[in-house]
Amino acid sequence: MNRLRLGVNIDHVATVRNARGTAYPDPVRAAQLAEEAGADGITAHLREDRRHISDTDIERLAATLRVPLNFEMAATVEMQAIALRHRPHAVCIVPEKREERTTEGGLEVARQENALAHFIAPLREAGCRVSIFIAADRAQVEAAHRIGAQVVELHTGGYCDHHHEGDLAARDGELVRLTEMAALAHDLGLEVHAGHGLTYETVGPIAALPQVMELNIGHFLVGEAIFRGLPGAMAEMRRLMDEARA
Ligand code: PXP
């Protein structure tokens, strides 16, 4: 089976920085540390309200990273212009609501196919790999395929929430949907990624899905870095991913 890539999301280093309005902790320094510790990519979400990552962070990441930058963004004209300016390796289109604490659901692709197809075309032409963040739902997978996305990232947030809330029946139901939709997406020729809410406890069954090529993990790793340091937090995640994959 192919080696599963680990993309490290450094947004919440910026959350801590912004809580005080200081210049530290620097998310770009965290990205460089993650890179040295074996991250296969760095993920950063420039939210419309700039609550964590800033425009300058994106500029500095684009200028300094040696591993691929995965730029998460809402489907807005402003974000499209920023992506076209920096031409990151990948863009991941996510839904965004200002009032939400984090990206709550997947993108509703099926109901805005035309608009999204037009939105992603210039990004593809600029050489960015376009990923669409979706729930594990057949209509969304098929729509992502039709609009010309190269990648789908399956939203694992519900699966993780159910696990940590102890609702194991709901967790297992979501895992069945993730398993089926990873297979469908792969059969359609899409590259399959997964992410959101993953922890040491929840990563195994997702890492074991043979079609999944990349996991994007942030909040848990940044939190765990308080106790183990970022390289230590990543090393344990890597170990669990490899163990599940073997
Ligand atoms: N993938 C996507 C598309 C996301 O929006 C996020 C959160 O920004 C993540 C992965 C990482 O989620 P978490 O920080 O919960 O690990």
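A few notes on this one:
- Within region 2-15, residues that are more than 14 Å from Leu221 (Cα to Cα) sit with their Cβ atoms under 8 Å from residues that are within 13 Å of the ligand (Cβ to nearest atom) and among the acidic types (Asp, Glu), at 6+ positions apart or across chains, in these pairs: Leu4/Glu214; Arg5/Glu214.
- Residue selected from region 183-204 under the condition in a helix (DSSP H, G or I) and in contact (Cβ under 8 Å) with a residue 40 or more places away in the chain, by the criterion farthest from the ligand (Cβ to nearest atom): Leu184
Here's the yes/no breakdown for (1) among the acidic types (Asp, Glu); (2) away from the ligand (no atom under 16 Å from the Cβ); (3) not in a loop (DSSP other than H, G, I, E, B):
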position: Glu72; (1), (2), (3): yes, no, yes
position: Glu104; (1), (2), (3): yes, no, no
position: Gln112; (1), (2), (3): no, yes, yes
position: Phe133; (1), (2), (3): no, no, yes
position: Ala169; (1), (2), (3): no, yes, yes
position: Leu175; (1), (2), (3): no, yes, yes
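- Residues located in region 11-25, provided they are among the basic types (Lys, Arg) and more than 22 Å from Met73 (Cα to Cα): Arg20
- Considering only residues in region 42-56 that are farther than 17 Å from Phe220 by Cβ and within 13 Å of the ligand (Cβ to nearest atom), the one that is surrounded by the most Cβ atoms within 10 Å (Cβ to Cβ) turns out to be Ile53.
- Considering region 205-219, and only residues there that are part of a helix (DSSP H, G or I) and within 15 Å of the ligand (Cβ to nearest atom), the residue that is farthest from Gly173 (Cα to Cα) turns out to be His219.
- Residue selected from region 201-232 under the condition of a type outside the set (A, V, I, L, M) and in contact with a helix residue (DSSP H, G or I) (Cβ under 6 Å, 6 or more places away or on another chain), by the criterion nearest to Tyr159 (Cα to Cα): Thr202
- Selection count, region 118-142, where residues are more than 18 Å from Arg87 (Cα to Cα) and surrounded by fewer than 23 Cβ atoms within 10 Å (Cβ to Cβ): 5
- Check on Ala110, loosely packed, with under 14 Cβ neighbours inside 10 Å and farther than 21 Å from His219 by Cα: no
- Only listed residue being more than 13 Å from the ligand (Cβ to nearest atom), within 19 Å of the chain's Cα centre (by Cα) and assigned to a helix (DSSP H, G or I), chosen from Ala31, Ala19, Ala14: Ala31
- Residue count for region 141-167, restricted to those that are assigned to a helix (DSSP H, G or I), out of contact with any Asp or Glu (no Cβ under 9 Å at 6 or more places or on another chain) and over 23 Å from Gly7 (Cβ atoms): 2.
- Residue count for region 65-74 under the criterion of being crowded, with 18+ Cβ neighbours inside 10 Å and either farther than 17 Å from Ala31 by Cα or among the basic types (Lys, Arg) (or both): the result is 2.
- Screening Leu230 with (1) closer than 26 Å to His118 by Cβ; (2) buried (at least 16 other Cβ atoms within 10 Å of the Cβ); (3) of a type outside the set (S, T, N, Q) gives one miss only, at (1).
- Yes/no for Val28 being buried (at least 18 other Cβ atoms within 10 Å of the Cβ), over 19 Å from Val152 (Cα atoms) and in contact with a Lys or Arg (Cβ under 9 Å, 6 or more places away or on another chain): yes
- Of the residues making up region 184-207, those that are exposed (fewer than 15 other Cβ atoms within 10 Å of the Cβ) and over 21 Å from Ala90 (Cα atoms) are Asp187, Tyr200, Glu201, Gly204.
Rule-based calculations on the coordinates, nothing more; no lab input. Being a predicted model, the structure only gives us computed values, none of them experimental. Heads up, the Cβs are rebuilt from the backbone with ideal geometry, glycines too, and the neighbour counts pull from every protein chain shown.
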